[in-house]
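Just below is one structure, and these are the notes that go with it.
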Amino acid sequence: MQSRNETPDFRSLYPRLLNFGVAYGDLERISKSATDWLSFADQMSDLASGWEKAGDEAFAAGRLRTPREHWRKATDYYHYAQLRVPDSLLKEKLRTASRRCFTKLVPLLDVQPVRHEIPFQSIHLPGYLRVSRPGAPCVILIGGLDSSKEVELHYFAELFLQRGCSVFYFDGPGQGELFGKVPVSSRFENSVANVIKYLISETCLDSVPIGCFGVSFGGYLACRSAAANSRISACISIGGFYDHRILRKLPPVASAAVRKSFGFSTDDDLSELERYVSLQPLKGQMKAPLLIVHGTADHLVDMEQIDAMTEWADGPVDRIILEGSEHVCCDRFNVCLPQMGDWMTNCLMFRNRGMLAVV
């Protein structure tokens, strides 16, 4: 935990936040004046509130492009205001505000998102479908422990939309809108199977190729989902992992999020989760092409995990290994994002995996 006199390393977040909508100048000003994560949250949320109000005023004045830009910033700033805040009413308030601004933004977006709530067991999985064109392949996106469908998954979705794919990004059990309400299932792949069934039966995606993309913990979940569902024709894992060993490296806020996501109490030892978190039970089932994206300076996922994932897959595997890059490779998106987009497009549109050089 942060000591009373220790200033947090705000700059460690720069690569991520700069790639997902936060302005460099705002980060610099906040980093110079904030003394801890709560003051960082206060200043980020103040900026978010300003962007939301400006968007509301521009929309009331009959403008369309300006409120779109302002509400986009408000969505991102509210989300990152809560990123390092411990689980609390404040954290949930900021998450709710981020989703509220995204809801305002939705009608103004190109390739407009359509919200769907997919029945699954006793709950509904909320998500957004964006259809690029009739007959286009669709990529299902799965978030990590602290990512948001309205922020990170939305930006990743643009990568595939720009290449002609449709996208569906959603909250599974224990994620986003369902965090703390229902636990993450050890068989998360069942919720993805339900998503696929729904998209086939209730939308225009009945006969299109389907891909799966996951970031961080979502990369692990994407692998599980692709292994268990033969309808998935290709899978990308960025920052994903093979098994529970990464849990021991999680910082306190992330450890608390894992416990709550799985329905455990704050006092439960993370070792209790070890039997739930592993790709090993699905060995031999991963037939679809798999692209693994990894940075060698990842503080959570080491090369042993990446090699285990590679050995686990029973189909073709490509890897993008970025020397010195951090977790999820945010500092090297200029290198890996175009390759990921092209790789998925080749798999789904042309049924040609193509080989990627190790970077």
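The values are calculated or read from the model by the stated rules, or taken from the named source; none is laboratory data. What you are looking at is a predicted structure, and each value in this text was computed from that prediction instead of being measured. Note that each Cβ is placed from the backbone with ideal geometry, even for glycine, and that neighbours are counted across all protein chains shown. Remember, those area values only see protein heavy atoms, side chains included, never the ligands or the DNA or RNA. Shrake-Rupley method; radii C 1.70, N 1.55, O 1.52, S 1.80 Å.
Would you pick out the residues in region 174-195 that are part of a helix (DSSP H, G or I) and open to solvent by less than 10 Å² (accessible area, probe 1.4 Å)?
Hits for region 174-195 are 188, 189, 191, 192, 195.
Condition check: under 23 Å from residue 226 (Cα atoms), in contact with a Leu (Cβ under 9 Å, 6 or more places away or on another chain), open to solvent by less than 20 Å² (accessible area, probe 1.4 Å) and assigned to a loop (DSSP other than H, G, I, E, B). Does residue 344 satisfy that?
In short, no.
Looking at region 258-275, which of its residues are within 30 Å of residue 231 (Cβ to Cβ), buried (at least 16 other Cβ atoms within 10 Å of the Cβ) and in contact (Cβ under 8 Å) with a residue 60 or more places away in the chain?
The answer is 258, 261, 262.
Which residue is nearest to residue 282 (Cα to Cα), if the candidates are limited to region 305-341 and must be assigned to a strand (DSSP E or B) and either of a type in the set (Gly, Ala, Ser) or open to solvent by 10 Å² or more (accessible area, probe 1.4 Å) (or both)?
Looking at the filtered set, the residue picked out is 317.
Take residue 245 and tell me if it is open to solvent by 30 Å² or more (accessible area, probe 1.4 Å) and within 23 Å of residue 146 (Cα to Cα).
For residue 245, the condition - open to solvent by 30 Å² or more (accessible area, probe 1.4 Å) and within 23 Å of residue 146 (Cα to Cα) - is met.
Do you know which of the residues in region 259-274 that are charged (D, E, K, R) and touching a helix residue (DSSP H, G or I) at 6+ places or on another chain (Cβ under 8 Å) is nearest to residue 87 (Cα to Cα)?
Looking at residues that are charged (D, E, K, R) and touching a helix residue (DSSP H, G or I) at 6+ places or on another chain (Cβ under 8 Å), I get 259.
Evaluate the following for residue 166: is it surrounded by fewer than 21 Cβ atoms within 10 Å (Cβ to Cβ), over 13 Å from the mean Cα position of the chain (by Cα) and not acidic (Asp, Glu)?
no
State whether the residues of region 141-160 include one that is open to solvent by less than 20 Å² (accessible area, probe 1.4 Å), farther than 17 Å from residue 262 by Cα, aromatic (Phe, Trp, Tyr) and touching a Pro at 6+ places or on another chain (Cβ under 8 Å).
No.
Anything in region 83-106 that is farther than 17 Å from residue 47 by Cα, open to solvent by 80 Å² or more (accessible area, probe 1.4 Å) and without any contact (Cβ under 8 Å) to a residue 24 or more places away in the chain? List them, or say none.
Those that are farther than 17 Å from residue 47 by Cα, open to solvent by 80 Å² or more (accessible area, probe 1.4 Å) and without any contact (Cβ under 8 Å) to a residue 24 or more places away in the chain: 89, 103.
What are the residues in region 196-214 that are closer than 26 Å to residue 329 by Cβ and surrounded by fewer than 24 Cβ atoms within 10 Å (Cβ to Cβ), if any?
209, the sole residue that qualifies.
Hey, does region 240-247 have a residue that's outside any loop (DSSP other than H, G, I, E, B) and hydroxyl-bearing (Ser, Thr, Tyr)?
no
Looking at (1) touching an Asp or Glu at 6+ places or on another chain (Cβ under 8 Å); (2) assigned to a strand (DSSP E or B), which one does residue 260 not meet, given that it meets all the others?
Of everything listed in (1) touching an Asp or Glu at 6+ places or on another chain (Cβ under 8 Å); (2) assigned to a strand (DSSP E or B), residue 260 misses just condition (2).
Is it the case that some residue within region 283-291 is part of a helix (DSSP H, G or I) and open to solvent by 50 Å² or more (accessible area, probe 1.4 Å)?
Checked against the condition, which is being part of a helix (DSSP H, G or I) and open to solvent by 50 Å² or more (accessible area, probe 1.4 Å), region 283-291 yields no hits at all.
Suppose the filter is over 25 Å from residue 329 (Cβ atoms) and either outside any helix (DSSP H, G or I) or touching a Leu at 6+ places or on another chain (Cβ under 6 Å) (or both); does residue 167 pass it?
In short, no.
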